[in-house]
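So the structure is just underneath, and the comments pick up after that.
Just so it is clear, none of the values below were taken in a lab; they were calculated from the coordinates. All values reported here derive from a predicted model rather than from experimental measurement. Virtual Cβ from ideal backbone geometry, glycine too; neighbours counted across all protein chains shown.
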Amino acid sequence: MNYLKFWGVRGSYPAPFGSHMRIGGNTVCVELRVDDHILILDGGTGIIPLGNSLIKQDKIKDVTILLTHYHWDHISGLPFFVPVFIPGWKLNIYGPGNSQEEIKKRISGQMIDPYFPIEVETWLADINYLIAHKAEFEFGPFKVETFNVHHPGITLGYRITVHDKTIVYVSDHELGFLDQAIDARQNEFNASESEIMNTIKAEERQIALEHVKNADLLIHDAQYTPEDYKIKKGWGHSCYVDTVHFAMEANVKNLYLFHLDPNYDDDKAEEIHLDTINILRQHNSPIVSNMAREGLIVDIDSL
Ligand SMILES: [Zn+2]
Ligand SMILES: [Zn+2]
């Protein structure tokens, strides 16, 4: 089967709490396995059990990892991803950055004394650091396009086409970023300035929609409830209500709410998902929505 598997769905920090186990506590990591080629999205703690499962097979020893950015919840599993220590394995690691050296530095920077016992030089696999920023590339059956999203620092989203199916991965993205920044200063603008700002907002929205539109599967930041988003505006994450509306406007087929706040337990996650279903029903939307959860496998060819 050609599939997508969620190995970690939690944003910000690991949440290995009893009350969180149906959704899972590992930070973000998603595996795409198609025609015996493996593409890994982000290297949060979810990449650790993925690495442990990979070394139990010897058919595939070549993986490509796409990093959206270098916040801890996206890279902290890499020092424990066992294939890096094994000669004969090949890893292509793509991330945002201006040079390969810079990308290597950003990843290895979390593995230096006094924060970590061993340095990146102990990695014995053949590792290539590659620039993902503003790039389009192909790997096995995958065609990958990158785009920028609103999140502190340079952060990427990935649009992946494989077997005529489109999967879009946007782990960290504050959909309301521009709107709230402009709305907060609305009374400083005169009529014509307001008009310009509204045009900018509409254009930005259009650009964001272009990258996501008609996706068969969208994995998108849905970190906060509306109440929590009110006090966490500008932190770089979306309220799930904004995510659902964005998915409807982009005409996606399947939506996976992702990068859930680690403060939310399973009951809260269920409430969020039920409300998502309600919103979609109210709008007569055909979108199938899901709460991404650890261990969930999606058959790509059946999308
Ligand atoms: Zn994150
Ligand atoms: Zn982040």
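Overview of values
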quantity: Residue among 272, 103, 196 with the largest mean-square fluctuation in a Gaussian network model of the chain, springs linking Cα atoms under 10 Å; calculated: 196
quantity: For the stretch 55-126, with +1 on Lys and Arg beta carbons and -1 on Asp and Glu, the positive-most of 72, 116, 84 along the dipole; calculated: 84
quantity: Listed residues 100, 186, 206, most fluctuating in the chain (Gaussian network, C-alpha, under 10 Å); calculated: 186
quantity: Electrostatic dipole magnitude of the stretch 65-137 [Cβ: Lys, Arg +1; Asp, Glu -1; Cα centre; debye, to 20]; calculated: 140 debye
quantity: Within a Gaussian network of the chain (alpha carbon springs, distance under 10 Å), most fluctuating of 252, 120, 149; calculated: 120
quantity: Gain on full stretching of the segment that runs from residue 80 to residue 232 - 0.36 nm per residue minus C-alpha separation; calculated: 51.6 nm
quantity: Positive-end extreme of charge dipole, the chain - chosen from 147, 2, 129 (charges on Cβ); calculated: 2
quantity: Length added when fully stretched, residue 249-residue 201, from 0.36 nm per residue minus Cα-Cα; calculated: 15.8 nm
quantity: FRET efficiency estimate (nearest 0.05) - Cβ-Cβ, residue 181 to residue 154, R0 22 angstrom; calculated: 0.75
quantity: Over 27 Å (Cα to Cα) - which of 59/143; 165/233; 213/268 fall in this group; calculated: 165/233; 213/268
quantity: DSSP-defined beta bridges in the stretch 3-302 - what % are antiparallel, rounded to 5; calculated: 45 percent
quantity: Theoretical FRET efficiency, 1/(1+(r/R0)^6), r = Cβ-Cβ of residue 55 and residue 164, R0 25 Å, to 0.05; calculated: 0.20
quantity: Relative contact order [Cα under 8 Å, 6+ residues apart], the chain, whole percent; calculated: 20 percent
quantity: Selection from 208, 258, 288 lying farthest towards where the dipole of the stretch 178-303 points positive, charges on Cβ; calculated: 208
quantity: Distance between modelled label sites at residue 133 and residue 102, nm, 7 Å Cα→Cβ extension; calculated: 0.3 nm
quantity: Mean Kyte hydropathy of -0.5 or more with a Cα span along the axis of at least 30 Å, helices from DSSP in the chain; calculated: 191-212
quantity: Residue 127 long-range amide H proximity, modeled H, under 5 Å; calculated: 91
quantity: At most 15 other Cβ within 10 Å, DSSP loop - trypsin sites (Lys or Arg not before Pro), the stretch 1-58; calculated: 22, 56
quantity: Dimensionless Rg ratio for the chain, taking C-alpha atoms and the 2.2 N^0.38 Å reference; calculated: 1.00
quantity: Residue 268 versus residue 90: modelled label distance in nm, points set 7 Å from Cα along the beta carbon direction; calculated: 4.4 nm
quantity: Magnitude of the charge dipole, the chain, Cβ model with Lys/Arg +1 and Asp/Glu -1, debye to 20; calculated: 440 debye
quantity: Structure-based [θ]222 nm, the chain - -39500 (n - 2.57) summed over DSSP H runs of at least 4, per residue, nearest 500; calculated: -8500 deg cm²/dmol
